[in-house]
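Down below is the structure, laid out as structure tokens.
The values are calculated or read from the model by the stated rules, or taken from the named source; none is laboratory data. Since the structure is predicted, the reported quantities are computational estimates derived from the model, not experimental observations. All Cβ positions, even for glycine, are placed from backbone atoms using ideal geometry, and neighbour counts span all protein chains on display.
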Amino acid sequence: MVKIIHTSDWHIGLDFYQYDRSEEHRRFFAQLCDIVSEEKPDALIVSGDVYHTATPSAAAQKLYTGGMIALHKACPSMTIVVVAGNHDSYTRLESTSEVWRLANVHVVGFVERNDNGELCLDKHLIDVGGKCLVAAIPYVNNLQIVDLLKDEVRSRNKASLPVVVMAHLAVSGSVTKGQELLTQGGLDYESLDVFGNWYDYLALGHIHCPQTLKGSGGKARYCGSPIRVNFDEDYPHSVSVVEVEAGQAPLVREVEIKSDVRFLTVPEKALPLDEALEELRKVDSDIQGFVRLNVLVKDYAPFDADARVLEVLKDKACRFCRINVVREVMSGVEKRDDVLGVQDIKALNPIVLAKRYYRELYGMEMDDDLAELFMEAAARAEQTE
């Protein structure tokens, strides 16, 4: 039997409506170190999306490095395996992999080929103290490596050790509550059948809601993200402590990562702006967290809506993120003259279309600075075509 702690989707460096959330990540690392110290696992498995962007700041990289060192000190005998997710820069993550080996940390950022064009499998297979084999698969567009690793593991695993497979992708049938899948890299859903049945535990990353996949016999699991990444991820966040034995269903325990940061949608059901602001005034001044105002409109939110929200919140601890515009449902079927057809869209200047989309999405006009940035990006895109 081998004991592992399965975690993923840390999203270090997350810029949440321009608010820094590094303190939440520090508290997460502190809790994870306590869990590691108490559980004394054989391995810590990190199934991708260490960072929120492929170009993390120096502060984000320092936070990651400090956290990893602290985890190693909490249990020096523990093997740590990290794979890159779609948010990570695979080259950046793996560039220091040789140094991390000194702390028994194995980082697998990308799939390599040798001079003959064959996949290099050695770095993807990690022996955890003679107790299990880990097959580490980073985010990839082509899952050809799965079958190759399966054959390699069957060839090497003479002692019939438990096999743990790591991967970062979206599996069909998984619960994606509160999570937008339009993430960097544009992941498509894959069938669980792609992995076959050669593993004893499949440690998945990418989906933030913790869950064991139906139809996997209890062997395939998303551990979920340790902190809340958006307003709609309204479920407990955790890491998974998993005991794995060859040929047996894994034993899984969720250990919640506690946070006192609140995500408030006020009011729960959208109301006209004046009424919504009255509900916002009732929020306790000492509550730490983020606020999304739910506003019901006939057309668009007033141009000064943000300023009015900020005025209400000026003496409160919570921070304003955005207005969620909900338009009143029209009775009957009413034709709108401003609905665009395909040909209309093709004929529009990109900036006109972008401004229209922004207005529909946020209920306000795109500011000049953002419009200028969009035009610069559009110009660069045209130059590369």
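For region 275-333, how many residues are among the polar types (S, T, N, Q) and either assigned to a strand (DSSP E or B) or over 32 Å from the mean Cα position of the chain (by Cα) (or both)? Working first, answer last.
Keep residues of region 275-333 that are among the polar types (S, T, N, Q), which gives 285, 288, 294, 324, 331.
Then keep just the ones that are either assigned to a strand (DSSP E or B) or over 32 Å from the mean Cα position of the chain (by Cα) (or both); that gives 294, 324, 331.
Looking only at that region, the number is 3.
Considering only region 47-58, I want to know if a residue exists there that is without any contact (Cβ under 8 Å) to a residue 24 or more places away in the chain and either of a type in the set (F, W, Y) or surrounded by fewer than 20 Cβ atoms within 10 Å (Cβ to Cβ) (or both).
Taking region 47-58 as the starting set, the residues that turn out to be without any contact (Cβ under 8 Å) to a residue 24 or more places away in the chain are 58.
Narrowing the set further to residues that are either of a type in the set (F, W, Y) or surrounded by fewer than 20 Cβ atoms within 10 Å (Cβ to Cβ) (or both) leaves 58.
So far as region 47-58 goes, yes, one or more of its residues are without any contact (Cβ under 8 Å) to a residue 24 or more places away in the chain and either of a type in the set (F, W, Y) or surrounded by fewer than 20 Cβ atoms within 10 Å (Cβ to Cβ) (or both).
Of all residues being under 18 Å from Y222 (Cα atoms) and not aliphatic (A, V, I, L, M) in region 1-27, which is farthest from the chain's Cα centre (by Cα)? Just the residue, please. It would help to see each step written out before you state the result.
Here is the first cut: in region 1-27, the ones under 18 Å from Y222 (Cα atoms) are 3-11.
Subset that is not aliphatic (A, V, I, L, M): 3, 6-11.
Working: K3: 24, H6: 15, T7: 11, S8: 8, D9: 4, W10: 7, H11: 6 Å.
Going through the qualifying residues, I end up with K3.
Does region 260-274 hold any residues that are touching a strand residue (DSSP E or B) at 6+ places or on another chain (Cβ under 9 Å), under 25 Å from E328 (Cα atoms) and not in a strand (DSSP E or B), and which are they?
Restricting attention to region 260-274, the residues satisfying the condition of being touching a strand residue (DSSP E or B) at 6+ places or on another chain (Cβ under 9 Å) are 260-273.
Subsequent filtering for residues that are under 25 Å from E328 (Cα atoms) retains 263-273.
The answer is P272, L273.
Restricting region 338-351 to residues that are outside any loop (DSSP other than H, G, I, E, B) and exposed (fewer than 10 other Cβ atoms within 10 Å of the Cβ), which is modelled with the highest pLDDT? Steps first, answer last, please.
Residues of region 338-351 outside any loop (DSSP other than H, G, I, E, B): 342-347, 350-351.
This time we only want the ones that are exposed (fewer than 10 other Cβ atoms within 10 Å of the Cβ), so: 342-343, 346.
Details: V342: 49, Q343: 47, K346: 55.
Top of the filtered list is K346.
Select from region 256-281 the residues that are in contact with a Leu (Cβ under 7 Å, 6 or more places away or on another chain) and crowded, with 17+ Cβ neighbours inside 10 Å and write down the one among them that is nearest to Q31 (Cα to Cα).
Restricting to residues being in contact with a Leu (Cβ under 7 Å, 6 or more places away or on another chain) and crowded, with 17+ Cβ neighbours inside 10 Å, the top hit is V266.
What are the residues in region 31-45 that are without any contact (Cβ under 8 Å) to a residue 60 or more places away in the chain and either of a type in the set (A, V, I, L, M) or touching a helix residue (DSSP H, G or I) at 6+ places or on another chain (Cβ under 7 Å) (or both), if any? Steps first, answer last, please.
First pass over region 31-45, keeping only residues without any contact (Cβ under 8 Å) to a residue 60 or more places away in the chain: 33-34, 36-38, 40, 44.
Hits for region 31-45 are C33, V36, S37, L44.
What is the residue count in region 1-40 for residues that are crowded, with 21+ Cβ neighbours inside 10 Å and touching a Cys at 6+ places or on another chain (Cβ under 7 Å)?
Qualifying residue count, region 1-40: 5.
Looking only at region 98-144, which residues are under 18 Å from W198 (Cβ atoms), of a type in the set (A, V, I, L, M) and at pLDDT 95 or above?
Within region 98-144, L125, I126, V128, L133, V134, A135, A136, I137 meet the criteria.
List pairs: first in region 275-296 and farther than 13 Å from V309 by Cα, second in a loop (DSSP other than H, G, I, E, B) and of a type in the set (V, I, T), Cβ under 8 Å, 6+ apart or cross-chain?
Within 8 Å, the pairs are Q288/V261; G289/V261.
Name every residue in region 81-109 that is within 23 Å of P41 (Cα to Cα), hydrophobic (A, V, I, L, M, F, W, C) and surrounded by 12 or more Cβ atoms within 10 Å (Cβ to Cβ), in order of residue number.
V81, V82, V83, A84, W100, A103, V105, V107, V108
Could we say that G218 is surrounded by fewer than 20 Cβ atoms within 10 Å (Cβ to Cβ) and of a type in the set (G, A, S) here?
Considered against the rule, which asks whether it is surrounded by fewer than 20 Cβ atoms within 10 Å (Cβ to Cβ) and of a type in the set (G, A, S), G218 comes out as yes.
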